[in-house]
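Shown next, in structure tokens, is the structure this report addresses.
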Ligand SMILES: C[S@@+](CC[C@H](N)C(=O)[O-])C[C@H]1O[C@@H](n2cnc3c(N)ncnc32)[C@H](O)[C@@H]1O
């Protein structure tokens, strides 16, 4: 295979575009020369050639035959582009210090900046020569290159700034973010339904035809679960059920039918708009307003009394909480002795590289933002005091489901995780359904 080599020659006497054009053409006529660029302002020619067909000396000779003096540009001889790069380098240093970013972390961005700046600079020079213009003021071209370069740097600066800020999210900030996203989703899609076909399909698969016919339109339109806890909670007439993160009430309305008018059904959700829509669903279901009690609240800190409930159900919610221990301790506290949880939630099937999970957490990305390994999750359930944990079902998410869930409640509300990170967790994100008893 031909061995490509690059060389920069310093040339005397090519101060005009015509001379530069002459040198370029002379070089391009040499067998083995692949690319040639001559810059009158910088007084150089950059040549890419096949080293098996032509040598440095032959190239110099060709230029001399065209009437110019040439020599190989010495190491350290600073051209305009090099000076420009030095300027970038200094800016880059300042930036890394300002944000305390290890240089290695943005080397990739930096290399991009350098490459782009060099290319733009070269393209500008070529263009001027091609149009017979004089390069009167090389600063113009440098500025173009710098503009692109600085654009990239600013982009890198912004990226790092945002990541740094988001990484510092407190538990309260996470909850506000979650409530804001679900609130906007509820307000926009209660009437027209979730536009995501994958989420729509999921709901149809999770609930039976009979259940779907009983679910009020608003609750169905805003359904965002990953299971159907009522289907395995074994609810009995007269029982008291609390739904953690009830959303617009899909499971609450089904639970209300199971426990009947003698039972008690309570929904808790952190998002006021979801609670409002839950009220709407209740009315659509034809229930009197008092049949379902709803509270705007945080499942980590409930305002419900001890030993109130027979069952706590939850559908794709605890994954969103930053303090899962607190949520399960609250479930334990409000359950009667012998009471049970029937949970549908998302976990990783194995431990994931902390660097990747940190990135998901940095934007609290959909339902992977708060995901932990199944083993750790079930340990939290045990530590809260629950026993007899029985996994009812596991479903490994398909790539399409994973994308939809990682941007829950929708790409308009949640920044999409890096596809490379999603690829790493592909096949390792599971929706689990389980029962556990307060023994
Ligand atoms: C993925 S949606 C599921 C909603 C509902 N369970 C369903 O199946 O449609 C998650 C819900 O959990 C609620 N949520 C998130 N964190 C919460 C918290 N700490 N306390 C109470 N609700 C929370 C959100 O407001 C949202 O309505």
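The values are calculated or read from the model by the stated rules, or taken from the named source; none is laboratory data. Since we're looking at a predicted model, the values are computed, not measured. Here Cβ is always computed from backbone atoms with ideal geometry, including for glycine, and neighbour counts include all displayed protein chains.
Scan the range 207-240 for residues that are within 19 Å of residue 432 (Cα to Cα) and assigned to a helix (DSSP H, G or I) and jot them down. Answer for the range 207-240, where residues must be within 19 Å of residue 432 (Cα to Cα) and assigned to a helix (DSSP H, G or I): 230, 231, 232, 233. Within the range 327-337, being surrounded by fewer than 19 Cβ atoms within 10 Å (Cβ to Cβ) and either within 9 Å of the ligand (Cβ to nearest atom) or under 31 Å from the mean Cα position of the chain (by Cα) (or both) holds for one residue alone: 329.
Checking each residue in the range 239-264 for being touching a residue at least 24 places away in the same chain (Cβ under 8 Å) and either out of contact with any strand residue (DSSP E or B) (no Cβ under 7 Å at 6 or more places or on another chain) or not assigned by TED's automatic domain parsing to the domain that holds residue 332 (or both) picks out 248, 250, 253, 254, 257, 258, 261, 262. Among (1) part of a loop (DSSP other than H, G, I, E, B); (2) on the phi < 0 side of the Ramachandran plot; (3) at pLDDT 85 or above, there is one condition residue 67 misses while meeting the rest; what is its number? Answer for residue 67: the failing condition is (2).
Would you confirm whether or not the range 151-173 contains a residue that is crowded, with 22+ Cβ neighbours inside 10 Å and either modelled with pLDDT of 95 or more or assigned to a loop (DSSP other than H, G, I, E, B) (or both)? Checked the range 151-173: no residue is crowded, with 22+ Cβ neighbours inside 10 Å and either modelled with pLDDT of 95 or more or assigned to a loop (DSSP other than H, G, I, E, B) (or both). Each residue in the range 70-111 was checked for being in a helix (DSSP H, G or I) and either farther than 25 Å from residue 43 by Cα or modelled with pLDDT of 75 or more (or both), and 18 pass.
Sort out which residues of the range 383-425 are under 24 Å from residue 186 (Cα atoms) and in a loop (DSSP other than H, G, I, E, B), and write them in order of number.
Result: 407, 408, 409, 410, 411, 412, 413, 414, 415, 416, 417.
Checked across the range 7-28, the condition of being assigned to a loop (DSSP other than H, G, I, E, B), at pLDDT 85 or above and within 14 Å of residue 60 (Cα to Cα) holds for no residue. Report yes if residue 241 is more than 26 Å from the chain's Cα centre (by Cα), within 11 Å of the ligand (Cβ to nearest atom) and closer than 21 Å to residue 299 by Cα, otherwise no. Here the answer is no, as residue 241 does not meet what is asked.
Can you tell which of 310, 353 is in contact (Cβ under 8 Å) with a residue 24 or more places away in the chain and touching a strand residue (DSSP E or B) at 6+ places or on another chain (Cβ under 9 Å)? Sole residue among the options that is in contact (Cβ under 8 Å) with a residue 24 or more places away in the chain and touching a strand residue (DSSP E or B) at 6+ places or on another chain (Cβ under 9 Å): 310. Does at least one position in the range 338-346 carry a residue that is without any contact (Cβ under 8 Å) to a residue 60 or more places away in the chain, out of contact with any strand residue (DSSP E or B) (no Cβ under 6 Å at 6 or more places or on another chain), surrounded by fewer than 19 Cβ atoms within 10 Å (Cβ to Cβ) and assigned to a strand (DSSP E or B)? Within the range 338-346, not a single residue is without any contact (Cβ under 8 Å) to a residue 60 or more places away in the chain, out of contact with any strand residue (DSSP E or B) (no Cβ under 6 Å at 6 or more places or on another chain), surrounded by fewer than 19 Cβ atoms within 10 Å (Cβ to Cβ) and assigned to a strand (DSSP E or B). Here is a check on your reading of the model: is residue 267 outside any loop (DSSP other than H, G, I, E, B), over 30 Å from residue 358 (Cα atoms) and either in contact with a strand residue (DSSP E or B) (Cβ under 9 Å, 6 or more places away or on another chain) or within 14 Å of the ligand (Cβ to nearest atom) (or both)? Judged against the criteria, residue 267 is a match. More than 22 Å from residue 308 (Cβ to Cβ), assigned to a loop (DSSP other than H, G, I, E, B) and within 11 Å of the ligand (Cβ to nearest atom): is that true of residue 247 in this structure? So residue 247 fails the test. List, please: which pairs have Cβ atoms under 6 Å, are six or more places apart or on different chains, and start with a residue in the range 182-202 that is on the phi > 0 side of the Ramachandran plot and in the same structural domain as residue 296 (by TED's automatic domain parsing) and end with one that is within 12 Å of the ligand (Cβ to nearest atom) and assigned to a helix (DSSP H, G or I)? So the pair list comes out as 193/221.
Residues in the range 286-320 that are part of a loop (DSSP other than H, G, I, E, B) and within 15 Å of the ligand (Cβ to nearest atom): 297, 299, 300, 302, 303, 304, 316, 317. Which of the residues spanning the range 426-439 are on the phi < 0 side of the Ramachandran plot and assigned to a loop (DSSP other than H, G, I, E, B)? If the condition is that a residue be on the phi < 0 side of the Ramachandran plot and assigned to a loop (DSSP other than H, G, I, E, B), then 426, 428, 439 are the ones that fit. Checking 204, 188, 200 one by one, the residue that is closer than 23 Å to residue 399 by Cα, away from the ligand (no atom under 13 Å from the Cβ) and outside any loop (DSSP other than H, G, I, E, B) is 204 and no other.
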